[in-house]
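No value in this document is a laboratory result; all are computed from the given coordinates. As the structure is a prediction and not an experimental result, all values here were calculated from the model. A quick note on method: Cβ atoms are made from the backbone with ideal geometry, for glycine too, and the neighbour counts reach across all protein chains shown.
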Amino acid sequence: MALVILAGFAVIGAIWLFLSRVPKSYPAAVHPLAPVWAGTPRTNYPAGFDSPYLGHTGSWDGRGGGMFGSSKINDLDAESRMGLRWTFMAVYWRELEPDGPVDLTLGVPPAWQELDAFVGEARKRDLNILLQAPVMGGNAGGPPAWAGRKTPRRSAPADLGAAAAFAGRLAARYAPGGTLAQREGWGSSYGVRAWEIDNEPDSYRTHWEDQAADYAMFVQQVSGSIKHADPLALILAPGIPVSRSSLVWINQALAAGSGASSTGGLRPAMDVVSFHIYEGLDSAFQGKDRDIELAIDELQAVFTASAGGEATGRLPPPREYWHTEGNFDFLGILSASRRAAWRMQFMTRAFAAGVSKVCVMDASPPEQIAVRTYVTALPNPFPMRRMSNQVEVLSGRATAFYHTDTSDPNAGGVWILWAEAGTGEARVNLPLVNSSVMIQRVDGTIQTLVPNQKHLAITLPGDAKMAPPVLLIDRAGGPVPAP
């Protein structure tokens, strides 16, 4: 028996070590993107829409609440405390219309009332909603029985038009100026304007694995219905993890627009590329370093190849990418303090790669402090540039990024710096603009320092796996207005 117990512990330990893998390096994206709104904020969208931090907290039942009847209030409060302007909700078609299309003019069923309540609570906290809808794959378990399935145990409904009509009913109710906004007196100031079409359609649980062309047609029809109700709505797709197999599936969905039997393909129906990445778990399960910079390069390559040159007459590649799901490891194998450090590192690297919005998913209390610190210092983090070669490294090895608030080099900005993992602490000397600067750390502590002749040497703490970043605020005139 003792040997069996020891063997069990050995297996658990091996799994733990396997899943705790951390990428050894994080090379820069080869073709960093320029976020479309960084210089020109969007107009006619709810307040905070351009904020690049996406809240994605807790569980959901597909109709506005959490799993097992739980409330989303605590999740919304946590996102608000972090200074976020976004939250997330998945809407399962079979939950809102289990028995057939709903005529909301005849009354609002309980499931719709629950979703109404969620939207109202999000508005109270000034949180925009990324509505993942209609969802038939993943945890949703497929389309409702009355809509049928094209293939058993797959996501595509036999009646795509019915799914599109459901999406139209959602948009007519929840868009700015929609029926819910009119009922509540919100006018056009608040509502859902970002829609992610289904969840990880290539492979997760109920899925569209061999139905990429059907998914492309589904997105087309759903997009048309949503934009008929709200022409300013943004359509996100494909909401997919980035791996070799998923990239093949995306290419199939994009290629559905070629040939005599063309469905138009995925690209014309979408405004934003949405994707998921868990850097720790993806690195472990794919057997090589996986980071958001690599994911952006791989996604861009697929969409660019599909677009072809100007002579093809096809739409250009998408310019906007949103990271809508993922943390380091959802199992919590990396310690809370290291995950807090990873949050700051990840957001910095993602913004430098040009990702327009980054997901803040299921942050623990130490991570929430780190996120709040980061969001407060960098409400609009663009531009974000790698600047390691512009920093004098006195000892150790360091990674450095820099954000400028304006095009004026004398206006200052924010340094984000950390020691490279496994190399001990580092000491760096920084060129500064202002006569007084502030250091903010992952744990929320603040320190004011006076540079010596516009230079300052600081020590960056080390760590074997994930060193905590330091934010150095070299900014005059107070905080920058949030987008």
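Residues in the stretch 426-431 carry Karplus couplings, in order, of 10, 10, 10, 10, 10, x Hz; the curve used is 6.51 cos²θ - 1.76 cosθ + 1.60 with θ = phi - 60°, and Gly or Pro positions show x. Near Gly55: Cβ cut-off under 9 Å, other residues only, Lys/Arg at +1 and Asp/Glu at -1. The net charge is -1. Extent of the stretch 25-382 along its three principal axes (Cα atoms, max minus min coordinate, largest first): 54, 49, 39 Å. Summary of the geometry: the stretch 175-242 and the stretch 325-389, compared by the centres of their Cα atoms, lie 26 Å apart. Reported value for the stretch 67-196: 107 Å³ per residue, from the convex hull of its C-alpha atoms.
Within the stretch 329-417, none of the trypsin sites (Lys or Arg not before Pro) combine a DSSP coil assignment with at most 10 other C-beta atoms in a 10 angstrom radius.
Let's test the formula: R0 of 25 Å, r as the Cβ-Cβ distance of Asn452 and Asp77. What FRET efficiency results, to the nearest 0.05? Intermediate results must be reported in sequence, preceding the final value.
On the way: r = 44 Å, r/R0 = 1.75.
Calculated transfer efficiency: 0.05.
At full extension, Ala464 and Ser388 could sit 25.4 nm farther apart than now, given 0.36 nm per residue minus the alpha carbon distance.
For the peptides 358-368, 457-467, the ranking by packing is 358-368, 457-467, with the highest mean count of neighbouring Cβ atoms within 10 Å listed first.
Taking the highest mean first, how do the peptides 438-450, 107-119, 72-84 order by number of other beta carbon atoms within 10 angstrom per residue? Intermediate results must be reported in sequence, preceding the final value.
Details: 438-450: 14.7, 107-119: 17.5, 72-84: 19.4.
Packing proxy ranking, top to bottom: 72-84, 107-119, 438-450.
Taking amide H atoms as placed 1.01 Å from N in the peptide plane, the amide H of Ala194 lies under 5 Å from those of Leu131, Leu234, each 5 or more residues away in sequence or on another chain. With a Förster radius of 25 Å applied to the beta-carbon distance between Met67 and Lys124, the computed FRET efficiency rounds to 0.65.
Between Arg153 and Val108, the simple label model (points 7 Å from Cα in the Cβ direction) yields a spacing of 4.0 nm. Rg and Dmax over the alpha-carbon atoms of the stretch 387-475 stand at 12.5, 38 Å. Residues in the stretch 414-425 carry Karplus couplings, in order, of 10, 8, 10, 9, 7, 6, 5, 4, x, 10, x, 6 Hz; the curve used is 6.51 cos²θ - 1.76 cosθ + 1.60 with θ = phi - 60°, and Gly or Pro positions show x. For the stretch 275-378, averaging the sequence separation of C-alpha pairs within contact (under 8 Å, six or more residues apart) and dividing by the residue count gives a relative contact order of 30 percent. Extension gain for Ala34 to Ala476 (0.36 nm times residue separation, less C-alpha to C-alpha distance): 156.6 nm.
Using C-alpha pairs below 8 Å separated by at least 6 residues, the relative contact order for the chain is 14 percent.
Report the FRET efficiency, 1/(1 + (r/R0)^6), for Lys24 and Ala47, where r is their Cβ-Cβ distance and R0 is 41 Å, rounded to 0.05.
Values: r = 41 Å, r/R0 = 1.01.
Plugging the Cβ-Cβ distance into 1/(1 + (r/R0)^6) gives 0.50.
Only helical runs count toward this figure. For the chain, summing -39,500 (n - 2.57) over DSSP H runs of n ≥ 4 and dividing by all residues gives -10000 deg cm²/dmol at 222 nm. For a test of the definition: using alpha carbon positions, the gyration tensor, and the 1.5 limit on a/c, classify the stretch 332-428 as rounded, prolate or oblate. Oblate, since a/c reaches 1.5 and b/c is not below a/b.
Placing a label point 7 Å from the Cα of Glu184 along the Cα-to-Cβ direction, the residues of the stretch 94-120 whose backbone N falls under 19 Å of that point are 96, 104-105, 107-120.
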